[in-house]
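Worksheet: one structure, shown below.
The values are calculated or read from the model by the stated rules, or taken from the named source; none is laboratory data. Bear in mind that the values here come from a model prediction, so they are computed numbers and not experimental data. As a convention, Cβ positions derive from the backbone with ideal geometry for all residues, glycine included, and neighbour counts pool all protein chains shown. All accessible areas refer to the heavy atoms of the entire protein, side chains included, with ligands and DNA or RNA removed. Shrake-Rupley method; radii C 1.70, N 1.55, O 1.52, S 1.80 Å.
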Amino acid sequence: MGCSSISVSDEKKTGSPRFLNMLRRGLTHPRLALHLSLVAVIFTLPALWIGFQVDDYGHRMIMLGLGKLHPGPFGFLDVYSVLQGDQQLNDLARDMGILPWWAPSDIRISFLRPLSALLMWMDYKLWPDWPSLMHLHSLIWYGALAAVATALYRRYMGVTVAAGLAALFYAVDHSHALPAAWLANRYALLSTFFGILCLLSYDKWRRDGQKRHGILCPAYLALALLAGEMAAAVGAYLFAYALFLDRQPTAGTTNPLPLSQRLWALWPCAVVFLSWGLAYRYLGYGTHGSGFYIDPLSAPAAFAHALMARAPMLLLELWSHIPLDVLGVLITEREAFFRAVIHILLAAFILIPLIRKDRVARFWLTGMVLSILPVAATYPMSRLLLFIGIGAMGLMAQCVTHLVRNDGVLPASRLWRIPAFIIIIFLVVVRLGLSPPVMLYSTYSMKPFGSPYAAAAGHILDQPEIAKQELIIINSPFEISPLLVWAIGTIEGKALPAAMRVLSSAHTSVEIYRIDENTIRVRIPGGLFHGFCGRLFRSLDEDPMDVQQEFHVTGMTARITAMDKDNGPEEIIYRFSVPLEDKSLKWLQWKDCSYQAFLPPPAGKSVFLPAFNPKDVFRNNCPDKSLVEDFIGKVLIERVLIML
């Protein structure tokens with residue numbers, strides 16, 4: 001960008017090897033945006049074969065107009081409004097078993113994403129039975145996102161190697177695989193795409209004086225916010241722009257405007273943010289009662305606590321080789337936090353000298369850090385890094401180019417340059433060596449992750465007697481498994497169970513002890529809410545649970561007899577209104593990649609169920625062996641990355 005004195009000039013000849021000259025020509029090619037958009041699509045092409053997965057079934061049911069529960073007052077535009085906080089509807093869903101027994105009556109998980117919902121509706125109008133075309137639609141958006149990201153880096157850093165390298169890092173970042181591949185997550189692509197257009201227009205308005213972009217900028221911001229809440233991160237980059245890049249001169253001088261006037265220039269965007277926020281609250285959107293999603297306004301203390309833990313982890317994947325999606329599976333949150341701190345300190349070692357001299361670098365850093373705030377409201381996951389990655393890739397590319405060129409921007413001391421070279425080589429290997437193949441594989445990973453649950457749900461519903469029975473799932477493999485059973489059954493027109501009850505999670509070992517004819521005690525070492533999705537339907541901060549507290553649903557009472565301080569109920573006594581062997585109850589356990597029959601033990605006896613292990617599933621011949629092979633491959637790749 002013309003406003004940076006040290007980030008843009010790549011015309012200096014350095015006698016680089018032929019490979020570096022070819023790389024320089026490629027990264028400064030006039031059609032780089034087109035090239036990288038094609039690269040982005042190629043590395044996410046496996047998405048064409050993954051079909052519908054997990055949340056997609058619920059969305060499909062709504063878009064096809066099926067099911068008893070209505071998405072919200074705006075029909076299909078409320079497809080992302082899962083729970084509106086309606087106590088009567090929540091109690092009905094809990095009685096049916098769509099919500100677990102521990103969900104509070106006022107739980108709300110309701111998101112305003114009408115633009116994303118509208119594009120999903122178009123898919124179902126044009127090709128409702130062709131998920132491959134829906135995925136192609138998403139990939140086109142990802143290609144467009146890679147193109148506008150390239151334009152953004154070039155706009156702010158000039159047509160330089162640094163800008164091209166940042167765009168390349170961004171296009172092949174494996175953390176983008178899930179937003180590109182999962183239909184339910186397309187909103188993230190749309191939010192980021194229009195958010196970047198907003199940043200481009202703002203610079204054209206402020207730097208070039210193009211008045212039409214003064215109108216387009218807030219318009220793009222409105223579209224980004226209507227696509228998804230994560231677009232609130234645009235405000236982080238706009239604020240950073242006003243601090244470091246807005247150099248519109250004071251009248252009659254060459255000095256930039258005072259900071260107060262640069263911030264005041266953001267008022268059109270501020271109006272959009274304020275209008276969106278007021279409409280969001282007035283219409284009843286937001287979250288409450290979920291420990292997975294935290295509303296910063298309604299639960300500021302819980303959000304502040306979560307932010308301190310989540311912020312370092314959200315930077316971990318961008319500045320290391322460790323994918324966030326292994327948190328709670330292959331690596332504990334505590335271990336991830338300490339690893340994040342180490343990698344952040346290493347990044348700071350190479351970034352501080354650059355940040356001191358380059359205001360473009362200060363812009364990327366400020367935008368990266370502040371854009372953590374909106375996504376810290378949910379559990380750290382790779383798919384949340386689209387906005388944070390914009391600043392991270394810009395910083396990384398600047399460090400690489402300045403270090404390689406040795407142009408005096410970074411310290412010349414060997415004591416600094418040797419460790420800095422080691423860190424940079426590591427980051428480049430991760431970004432260009434590991435990330436592209438992992439992205440290729442991660443794009444397909446939704447299929448081995450989600451298909452076993454869908455197949456198992458379909459198998460349950462194939463049994464004709466199910467309509468007269470309550471499903472009692474001892475150890476559910478997934479927090480939304482009952483919702484998946486209900487959605488798939490509704491879509492396929494199959495008989496649905498009378499109700500569903502989940503007693504514990506398959507992610508930990510479970511001990512079941514028979515007390516009497518109607519009663520069992522379930523012990524869950526580590527707590528019922530163990531695992532990254534465990535608190536999806538309960539926030540222990542907003543709705544604490546206590547020993548001896550009872551919960552009632554039709555035909556069953558759950559009484560907590562022991563608590564884990566972090567993960568909720570550790571021992572629960574379940575009493576049913578009929579004997580456990582009654583034909584109205586169908587007992588199931590998750591084992592070997594499917595739901596299998598479970599026989600309650602005799603009175604005074606116990607049964608121990610081990611935690612679910614994908615490798616055990618493979619050895620015991622999963623019904624769909626190819627899916628398990630895919631899943632094992634994904635787990636092994638992630639484990640290798642952590643071991644590195």
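When the residues of segment 558-585 are narrowed to those that are within 14 Å of PRO100 (Cβ to Cβ) and not small (Gly, Ala, Ser), which ends up surrounded by the fewest Cβ atoms within 10 Å (Cβ to Cβ)? Steps first, please.
As a first pass, look at segment 558-585 and keep what is within 14 Å of PRO100 (Cβ to Cβ): 558, 560, 568-569, 572, 574.
In the following step, the residues that additionally are not small (Gly, Ala, Ser) were identified as 560, 569, 572, 574.
Working: ILE560: 20, PRO569: 26, ILE572: 22, TYR574: 22.
This residue is ILE560.
Take the conditions (1) at pLDDT 95 or above; (2) open to solvent by less than 20 Å² (accessible area, probe 1.4 Å); (3) β-branched (Val, Ile, Thr); VAL409 misses just one of them, which is (1). Determine, yes or no, whether LEU588 is under 27 Å from TYR379 (Cα atoms) and open to solvent by less than 20 Å² (accessible area, probe 1.4 Å). In short, no.
Among the listed residues LEU216, LEU197, LEU178, LEU189, identify the single one that is assigned to a helix (DSSP H, G or I), open to solvent by 10 Å² or more (accessible area, probe 1.4 Å) and under 19 Å from LEU324 (Cα atoms).
Working: LEU216 fails: under 19 Å from LEU324 (Cα atoms); LEU197 fails: under 19 Å from LEU324 (Cα atoms); LEU189 fails: open to solvent by 10 Å² or more (accessible area, probe 1.4 Å).
Being assigned to a helix (DSSP H, G or I), open to solvent by 10 Å² or more (accessible area, probe 1.4 Å) and under 19 Å from LEU324 (Cα atoms) holds for just one of LEU216, LEU197, LEU178, LEU189, which is LEU178.
May I ask you to verify whether ILE512 is over 30 Å from ALA309 (Cα atoms) and of a type in the set (A, V, I, L, M)? Even if it seems obvious, please write down each step before you answer.
On the way: over 30 Å from ALA309 (Cα atoms): yes; of a type in the set (A, V, I, L, M): yes.
Against the criterion (over 30 Å from ALA309 (Cα atoms) and of a type in the set (A, V, I, L, M)), ILE512 qualifies.
To keep it simple, each residue is scored yes or no on (1) closer than 20 Å to PRO179 by Cβ; (2) in contact with a strand residue (DSSP E or B) (Cβ under 9 Å, 6 or more places away or on another chain).
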residue	(1), (2)
LEU324	yes, no
HIS343	no, no
TRP364	no, no
MET368	yes, no
THR378	yes, yes
SER382	yes, no
LEU385	yes, no
THR401	no, no
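Whether a residue is within 30 Å of ALA397 (Cβ to Cβ), open to solvent by 20 Å² or more (accessible area, probe 1.4 Å) and not in a strand (DSSP E or B) was assessed, and LEU427 does not pass this test. Looking across segment 90-140, the residues that are part of a loop (DSSP other than H, G, I, E, B) and either among the polar types (S, T, N, Q) or surrounded by fewer than 16 Cβ atoms within 10 Å (Cβ to Cβ) (or both) come down to SER105, ASP106, TRP127, PRO128, ASP129, TRP130. Across segment 459-486, the number of residues qualifying as small (Gly, Ala, Ser) and open to solvent by 40 Å² or more (accessible area, probe 1.4 Å) comes to 1.
Of all residues in segment 575-591, those satisfying the criterion of being in contact (Cβ under 8 Å) with a residue 40 or more places away in the chain and either in a loop (DSSP other than H, G, I, E, B) or within 34 Å of the chain's Cα centre (by Cα) (or both) are SER577, VAL578, PRO579, LEU580, LYS583, SER584, TRP587, LEU588, GLN589, TRP590.
Restricting attention to segment 88-115, report how many residues are closer than 16 Å to ARG535 by Cα and free of Cβ contacts under 8 Å to residues at least 24 places away in the same chain. So the count comes out to 1.
Could you please find all residues in segment 236-258 being part of a helix (DSSP H, G or I) and open to solvent by 20 Å² or more (accessible area, probe 1.4 Å)?
Filtering segment 236-258 for residues part of a helix (DSSP H, G or I) gives 236-244.
Listed by number, the residues that qualify are PHE239, LEU243, PHE244.
Looking at PRO544, PRO497, just one residue is at pLDDT below 95, surrounded by fewer than 18 Cβ atoms within 10 Å (Cβ to Cβ) and outside any strand (DSSP E or B), and that residue is PRO544.
Scanning segment 22-33 finds one or more residues that are open to solvent by 20 Å² or more (accessible area, probe 1.4 Å), under 18 Å from HIS176 (Cα atoms), in contact (Cβ under 8 Å) with a residue 24 or more places away in the chain and within 28 Å of the chain's Cα centre (by Cα). When THR332, THR254, THR287 are screened for being of a type in the set (S, T, N, Q) and either touching a residue at least 24 places away in the same chain (Cβ under 8 Å) or touching a Phe, Trp or Tyr at 6+ places or on another chain (Cβ under 8 Å) (or both), only THR287 passes.
Every residue, every condition in (1) farther than 23 Å from LEU83 by Cα; (2) among the aliphatic types (A, V, I, L, M), yes or no:
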position	(1), (2)
LEU496	no, yes
ALA506	yes, yes
PHE529	no, no
LYS565	yes, no
ILE572	yes, yes
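Of all residues in segment 592-617, those satisfying the criterion of being modelled with pLDDT of 85 or more, buried (at least 18 other Cβ atoms within 10 Å of the Cβ) and in a strand (DSSP E or B) are TYR595, LEU609.
Annotation note: Cβ proximity below 6 Å between a residue of segment 41-67 that is within 18 Å of PRO114 (Cβ to Cβ) and a residue that is at pLDDT 95 or above and hydroxyl-bearing (Ser, Thr, Tyr) (sequence gap 6+ or interchain) occurs for MET63/TYR124. Consider segment 378-406 and keep the residues that are closer than 30 Å to THR332 by Cβ and among the polar types (S, T, N, Q). The one that is surrounded by the fewest Cβ atoms within 10 Å (Cβ to Cβ) is THR378.
HIS70 - would you say it is open to solvent by less than 30 Å² (accessible area, probe 1.4 Å) and either modelled with pLDDT of 90 or more or closer than 30 Å to THR287 by Cα (or both)?
Working: open to solvent by less than 30 Å² (accessible area, probe 1.4 Å): no; either modelled with pLDDT of 90 or more or closer than 30 Å to THR287 by Cα (or both): yes.
In short, no.
Within segment 42-96, the set of residues being farther than 28 Å from PRO448 by Cα and of a type in the set (Asp, Glu) comprises ASP78, ASP86, ASP91, ASP95.
Taking the criterion of being assigned to a loop (DSSP other than H, G, I, E, B), more than 17 Å from the chain's Cα centre (by Cα), of a type in the set (Ser, Thr, Tyr) and surrounded by 24 or more Cβ atoms within 10 Å (Cβ to Cβ), would at least one residue in segment 147-162 satisfy it? Scanning segment 147-162, I find at least one residue that is assigned to a loop (DSSP other than H, G, I, E, B), more than 17 Å from the chain's Cα centre (by Cα), of a type in the set (Ser, Thr, Tyr) and surrounded by 24 or more Cβ atoms within 10 Å (Cβ to Cβ), so the answer is yes. Residue under question is PHE76, and the condition is that it be buried (at least 18 other Cβ atoms within 10 Å of the Cβ), of a type in the set (A, V, I, L, M, F, W, C) and in a loop (DSSP other than H, G, I, E, B); does it hold? Considered against the rule, which asks whether it is buried (at least 18 other Cβ atoms within 10 Å of the Cβ), of a type in the set (A, V, I, L, M, F, W, C) and in a loop (DSSP other than H, G, I, E, B), PHE76 comes out as no.
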